[in-house]
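Beneath this line is the structure, given in structure tokens, with notes to follow.
Computed from the coordinates by the stated procedures, all read-outs in this text should not be read as laboratory data. Note that the structure is predicted; figures quoted are calculated from it, not measured. Cβ placement follows ideal geometry from the backbone for every residue including glycine, while neighbour counts extend to all protein chains displayed.
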Ligand code: Q46
Ligand code: ZN
């Protein structure tokens with residue numbers, strides 16, 4: 001196999017584009033795809049200050065590396081979920097990357113703010129950790145972006161993540177989610193920062209190849225709560241289809257984005273207001289995170305945690 005660009009010996013095959021690249025040309029290809037995605041959706045421009053949510057995994061660290069190389073102004077945010085062992089190892093990988101590159105990194109911890117980790121909040125409110133985690137992460141990255149004056153929040157969601165959630169939303173006809181699923185979520189309120197996914201057309205395998213070529217030291221393990229998640233089943237099913245018919249994932253997602261208007265009527269008009277306790281944007285008087293923390297802390301009379309977060 002020869003590199004599509006320079007005809008040297010190829011090291012990475014990109015089957016869905018019917019191409020292969022050597023290490024150097026693959027990096028060029030990866031950076032070009034990221035740049036193309038950013039420009040195609042006008043996600044941000046070189047003047048913007050981007051807050052990138054990092055987990056220590058290959059996707060977010062590869063994106064961090066790519067954004068720096070593309071010349072964007074980026075600060076990373078690590079959210080410490082308090083998941084035993086895993087959170088510490090994740091943070092170590094982020095710190096290692098920041099130390100190696102000199103790139104700025106902020107951290108925020110659920111335990112420091114509310115006195116409880118994500119698994120503790122989930123236990124006390126009798127919810128599954130991932131449901132609590134997703135909500136708290138969205139809350140915290142928006143809050144950190146607002147307080148730090150960032151114009152945009154970027155996450156490392158890749159093509160595999162996007163098609164797995166598309167399949168899940170279609171299988172269960174989650175029309176509201178389908179109406180809102182896109183790589184660019186604009187700000188719909190002055191206190192809601194826009195959210196973007198610059199890796200949305202790059203596969204998990206491509207992110208892995210980039211991380212390996214760039215010698216990025218990432219955390220290979222999954223969060224222990226991911227085990228048994230339906231999104232993993234969807235990813236496996238999609239991998240089978242992709243192996244038989246390369247390019248299916250990308251055309252599935254692109255076809256959906258092209259026909260997204262079909263779901264527009266399900267994006268209900270909701271009235272947004274500020275939470276009376278924390279000031280974050282919500283549709284209720286008190287936001288869902290403040291209500292969740294209140295319930296968790298009521299069951300936790302032994303901690304002196306504060307239901308009203310201040311970072
Ligand atoms: S980190 Fe959080 Fe994931 Fe762990 S608890 Fe679930 S949602 S699996 S991306
Ligand atoms: Zn609130």
Relative contact order %, the chain, counting alpha carbon pairs below 8 Å whose residues are six or more apart: 20 percent
Mean Cα-pair separation over length for segment 117-271, i.e. relative contact order, pairs under 8 Å, 6 or more apart, %: 28 percent
Crossing angle, helix 23-40 versus the chain [Cα axis fit, 0-90 degrees, rounded to tens]: 50 degrees
With Cα atoms, 0 to 90° folded angle of helix 129-148 axis to the chain main axis: 90 degrees
Beta bridges per DSSP with both ends in the chain, % antiparallel, nearest 5: 30 percent
Ranked 38, 121, criterion: other C-beta atoms within 10 Å, fewest first: 38, 121
Theoretical FRET efficiency, 1/(1+(r/R0)^6), r = Cβ-Cβ of residue 151 and residue 69, R0 22 Å, to 0.05: 0.60
Equivalent ellipsoid semi-axes - Cα gyration tensor, the chain, angstrom: 33, 23, 19
Cα convex hull of segment 100-212, projected area averaged across orientations, nm²: 9.5 nm²
Debye intensity ratio in log₁₀ form over the Cα atoms of segment 1-152, taken at each q of 0.14, 0.16 Å⁻¹: -0.81, -0.96
Nearest 10 degrees, 0 to 90: helix 230-244 Cα axis against the chain principal axis: 10 degrees
Segment 151-218: equivalent-ellipsoid semi-axes (sqrt of 5 x gyration tensor eigenvalues, Cα, Å): 25, 19, 7
Relative exposure of 49, 157, 36, judged by other C-beta atoms within 10 Å (fewest first): 36, 49, 157
Likely footprinting exposure, 191, 258, fewest C-beta neighbours within 10 Å first: 258, 191
